[in-house]
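Heads up: the structure comes next, in structure tokens.
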């Protein structure tokens, strides 16, 4: 098989119809170079505090990306062959050999967002101009490996090159935030902030919950084994996170259940939880109650609250035993928002100063539950198409199912939600292209004027993320308060 | 910001592709002026009996339209500022000021059906030619207010101008039907009829159920506290409604549950219900049983039965406490039709003289449950895309998900289902455009011949509503009995 | 009404946009004449063993096709009028009269796949050039009836003419497989094989379960009333089926529940089942356990396992009483795969030598559950759009919802799943056209290169079915092992 050329078509992802494409191109042209606002993601802050060169191509692009190795695993490739670490640590796999295995299976990604993101990185970041295949594997490895050894490919240089205005990472309440402090005091101008992700000390079923609780007490100097002290510890750490730039919290729960127990009942439940005596139903109730407690604190301290429910974590029992968390075996489940969120909404749903952003992995809830809820409750906004749905078809369905009931202004722009740092520009570019394609159709069908679409394209690219996540930017107006 | 022109593009909502648009235009051109059949809606019959001028712009267009104020509320605008009545009555809000607040937030509706319906009303009904914004708010207010004071904008004049052939309102079993009697004896030719909506005396959890039951006894002179008398009262009132032109009943239940209890069990359950002793499960069972009882009566008296399940009413507890029902806080829920309807279908599913029209707010049931059920059972037909789905994308999904299994002839045309009288032509126009766009795609993909599409366009606009709702029209043939 | 011409447009089902259509045409042109691989269906093997002429048009095309008579039944046509057999046997209906009734209602199928399949058969198989209607009913009847009396329309002649390379039927474990043996020893070259469908001896709620178990013991000479003997009997018959060419098993269960009981618990449950003492919950648990047992045997003997869950069988109680199974009253239900499949996947999910193909009637699971599961577990692949979704819109949704997460290579090509033998070419043609249309859009939006699309078009038409169903074909390479 011949080596085939690789390039990025300037009209990729825009609608094929010439009239739509012309409109989409105009809209996209005005937003493609806007700065990147990344209010939710999972990059490693030590990259930016230490600014050390990234490792080899496999270690950077393959081993940490569960989108990639889950697909290869589904077709029979062992994780060891790809250099993915197990509980025993990284396997003894030659990174070049891992890359060759990946390259030989690259056709599996045809039609997937992973292929698009990677090709964007290959062309735009590394300047490669042939397609990845078994035949070009070594060429790729050599080019990328050489680039990574240069200063231009260190984390801060790439951050600047990518045009990132704001990047949030996610840390646990027991994290020291040292990397963020180091970034802040480094004199480097990049805005990398944290976000408060308290699952490890909120979810009684989280692996290592007891140890995390212990550490939570130590880092806060609070008696976290009393209900009062435990809540106070959250307050303390939220302030620490705010001092480290955080504007939001994030909550990854199995369901969208919330609860609003009396203080006495909540304290009693917590007592059971800390003694390790909570059964599955009580663990669920505790997580549910804690969402309401977090909302209460958000109302006090202004952190925007994000709820990411509906993933059955670590579905593959054997793989979890051998390799641990986050190995591509998290599977979405049906999620009930109408009943689940009601206790929290009954308590705080009408608060105008509180912001709660809800995500879903269950697309059947877009039009049925989430758009009607966000189109009514002042506290609620809809997070963008998430995880498995963070893709051209997924993003298109998100707009088609939510816009007519929730409008655009109850959504919050794009989240890349990634630990794959190099793919951040690619992901934002995909979102901008898909949104401009959707807007172009509304214009071509005379459902929206072109000037409205142009404003919306900019709002979807940057403005809504800035206002929903309360990111200061002097040059930005909150979209909902635009003068006439 | 400059004042911008407003007009309705003749091709709006038709597909952008030139080949499709040409076909859609041809199909739409032949049906756009067909009369309006509105077999299900919530306009106020007193408008047509009294024929008094409508109030001011805010009172007419804003305060009663939960599509509008729910969106503004979601973005922090208090209902008081819009003139929406609370339980204490209408607020003391200057209607012009309310209109200005609405106008300043009109961009929130970009991409929503509300914007389309309103722009249609502004242009077609009031002849306005600039876009609504904070800057044009007063101009709008003045133009609309002046028009409403003229005879040409009284209810009957607009009814005639709109080309409405048939308009059904919805009344409770304790309604006197005086307005309908007054219309009938007025000499005015407009056909405004009622529909039987017995929820207030069927749902034990309906606010004011006990009082409604009392009134039900008084208006029928039946002993409605005995099971036999209660059923007889329904028969009596159904006859009254038929005399007032009704061709249908309507049932808005939280779920699609039906039941088929023995007469003794039904009587015992009713006994518990009238004593106020039914718990949530028994209330649900009673509603379920009553759907089967209503079907039995429909088989006797010929009223077409409509089932509208799946809305979680008054989800916002605080708002319900302060403002009461129908304030934009009804949220759809997952609905099970396969199990829910089975008892009723086991009893009456194969009756050829009975017509039951089922609606849904849960689009995941279109292809999975409703199209297969309607494509098999002689009694069942599918109501159109409803409420949150009564929109271009929603209607398109309805056709795409139901047609291949249920065909077109197990659907019933369009329902506007609105209390916003002025928007009725706009809503029917949207439905006709979207249906013609869908048919045009089938023609362009050679899945349908153009002559078939033309027949279908007319059936979807008028014919299917006439036959499904048993509306006499000498000039109409029932579509399923068309000669070859 | 005039008689109207009928022809098949060469571009039917391809996208209307000229750029997309040109690409789709190119892709389709290269695969339209590839052989038909039909790895899952319900044709009658006696057709091919006996090679007798088919009966009259109604008996061949109408009476056995539940897609057709369910639609007519839904519009009030009695099954008797169509010649559909009841439990008392075939009705005494003149087949020409039945055909006329069908023809007079043919407009009901506008926009449905049935109309497309039939028109394909009318034109391609019988050379008819006018549309079916009341007026042309007799012409159709005469042409088809005359053709069926000729040798060119005997089953083997049509099989050869259709270009079928591989055709699987489905038999029960108590089937003698005599027809398959007769085909094998006949000297005719057509490859018609069986598939193992053990529902009648696995599902305690299957009508006639006790009798089937008895027969299962007789045909295998095993003590099928002991757990050990029962499992051994499955092993024995699976070997018989493999000898008759089977490469797969098929399991049509109400849900996707699986279980992994201890041997002792499984034996105890089986003891209850054979005594007829299992309640609904235990019957479900037994079916669930048997899926895991079947997976264990597939790992031993190499049969690919197919799971078809989620149909509520015989929903219409009165019709089931009068007419029995498979009368168009099977209705899909919500299906849970994430919880349901977990026990089986915990046991065998990571086995690289085991193949399990999962189907669904619940499209909401495509993107939420099935694509993520198939995109991770080595054993799982996704069956194509099935039954009610085996249609242009249904197939398009399948690709749009599954490709981005599962890729193309975790799917298995097309299944016609039909007992309507004459429609097999039509069905495969529809699938190829729709897939080429989908691929064309990816190419036009620069999400796929044209050479990749061309490879995929051939894989979707033949290659993936061959590899997933382990069908030997010397000329074929397993798609996932293509050299670079």
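Table for the structure above
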read-out: Number of the exception - residue C:409 against (1) free of Cβ contacts under 8 Å to residues at least 40 places away in the same chain; (2) within 7 Å of chain A (Cβ to nearest Cβ); (3) touching a helix residue (DSSP H, G or I) at 6+ places or on another chain (Cβ under 8 Å); value: (1)
read-out: Extreme residue, nearest to the chain's Cα centre (by Cα), among residues of segment C:160-177 that are touching a residue at least 24 places away in the same chain (Cβ under 8 Å) and farther than 21 Å from residue C:235 by Cβ; value: C:169
read-out: Residue count for segment C:442-484, restricted to those that are within 22 Å of the chain's Cα centre (by Cα), in a loop (DSSP other than H, G, I, E, B) and modelled with pLDDT of 95 or more; value: 3
read-out: Qualifying residue in segment A:248-264 (condition: over 22 Å from residue A:358 (Cβ atoms) and in a helix (DSSP H, G or I)); value: yes
read-out: Candidate set: segment A:137-149, residues that are surrounded by fewer than 20 Cβ atoms within 10 Å (Cβ to Cβ) and touching a residue at least 12 places away in the same chain (Cβ under 8 Å); chosen: the one farthest from the other protein chains (Cβ to nearest Cβ); value: A:149
read-out: Pairs where the first residue, in segment B:379-391, is under 18 Å from residue B:332 (Cα atoms) and the second is surrounded by fewer than 23 Cβ atoms within 10 Å (Cβ to Cβ), C-beta under 6 Å, 6+ apart; value: B:385/B:394
read-out: Residue among C:332, C:372 that is more than 10 Å from chain A (Cβ to nearest Cβ), buried (at least 24 other Cβ atoms within 10 Å of the Cβ) and touching a strand residue (DSSP E or B) at 6+ places or on another chain (Cβ under 9 Å); value: C:332
read-out: Answer from A:111, A:55, A:89, A:41 - the residue that is without any contact (Cβ under 8 Å) to a residue 40 or more places away in the chain and more than 14 Å from every other protein chain (Cβ to nearest Cβ); value: A:89
read-out: Residue check, residue B:135 in contact with a helix residue (DSSP H, G or I) (Cβ under 9 Å, 6 or more places away or on another chain) and under 16 Å from residue B:63 (Cα atoms); value: no
read-out: Which numbered condition residue C:234 fails, given (1) within 24 Å of residue C:306 (Cα to Cα); (2) without any contact (Cβ under 8 Å) to a residue 24 or more places away in the chain; value: (2)
read-out: Residue match in segment C:285-295 (condition: modelled with pLDDT under 95 and crowded, with 19+ Cβ neighbours inside 10 Å); value: no
read-out: Any hit, segment A:222-229, residues being part of a helix (DSSP H, G or I), in the same structural domain as residue A:290 (by TED's automatic domain parsing) and within 21 Å of residue A:194 (Cα to Cα); value: no
read-out: One residue from A:427, A:433 being modelled with pLDDT of 95 or more, buried (at least 20 other Cβ atoms within 10 Å of the Cβ) and within 15 Å of the chain's Cα centre (by Cα); value: A:427
read-out: Any hit, segment B:60-67, residues being within 12 Å of chain A (Cβ to nearest Cβ) and under 25 Å from the mean Cα position of the chain (by Cα); value: yes
read-out: Test: residue in segment A:444-463 that is in contact with a strand residue (DSSP E or B) (Cβ under 6 Å, 6 or more places away or on another chain), away from every other protein chain (no Cβ under 12 Å), within 28 Å of residue A:327 (Cα to Cα) and surrounded by 22 or more Cβ atoms within 10 Å (Cβ to Cβ); value: no
read-out: Residues (in a loop (DSSP other than H, G, I, E, B) and more than 9 Å from chain B (Cβ to nearest Cβ)) located in segment C:11-37; value: C:32, C:33, C:34, C:35
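Each row is one residue, and each column tells you yes or no for (1) touching a strand residue (DSSP E or B) at 6+ places or on another chain (Cβ under 9 Å); (2) more than 12 Å from chain B (Cβ to nearest Cβ).
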{"site": "A:394", "(1), (2)": "no, yes"}
{"site": "A:405", "(1), (2)": "no, no"}
{"site": "A:413", "(1), (2)": "yes, yes"}
{"site": "A:420", "(1), (2)": "no, yes"}
{"site": "A:424", "(1), (2)": "yes, yes"}
{"site": "A:428", "(1), (2)": "yes, yes"}
{"site": "A:441", "(1), (2)": "no, no"}
{"site": "A:469", "(1), (2)": "yes, yes"}
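Here is a yes/no grid of residues against (1) away from chain A (no Cβ under 14 Å); (2) under 17 Å from residue C:71 (Cβ atoms); (3) modelled with pLDDT of 95 or more:
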{"residue": "B:338", "(1), (2), (3)": "yes, no, yes"}
{"residue": "B:341", "(1), (2), (3)": "yes, no, yes"}
{"residue": "B:361", "(1), (2), (3)": "no, no, yes"}
{"residue": "B:365", "(1), (2), (3)": "no, no, yes"}
{"residue": "B:378", "(1), (2), (3)": "yes, yes, yes"}
{"residue": "B:417", "(1), (2), (3)": "yes, no, yes"}
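Per-residue answers, yes or no, for (1) buried (at least 24 other Cβ atoms within 10 Å of the Cβ); (2) within 21 Å of the chain's Cα centre (by Cα); (3) touching a residue at least 12 places away in the same chain (Cβ under 8 Å):
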| residue | (1), (2), (3) |
| --- | --- |
| C:258 | yes, no, yes |
| C:262 | no, no, no |
| C:266 | no, no, yes |
| C:271 | no, no, yes |
| C:283 | no, no, yes |
| C:307 | yes, yes, yes |
| C:322 | no, no, yes |
| C:342 | no, no, yes |
| C:360 | yes, yes, yes |
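The values are calculated or read from the model by the stated rules, or taken from the named source; none is laboratory data. Fair warning: this is a prediction, and the values are worked out from it, not measured in the lab. We place every Cβ from the backbone using ideal geometry, glycine too, and count neighbours over all the protein chains shown.
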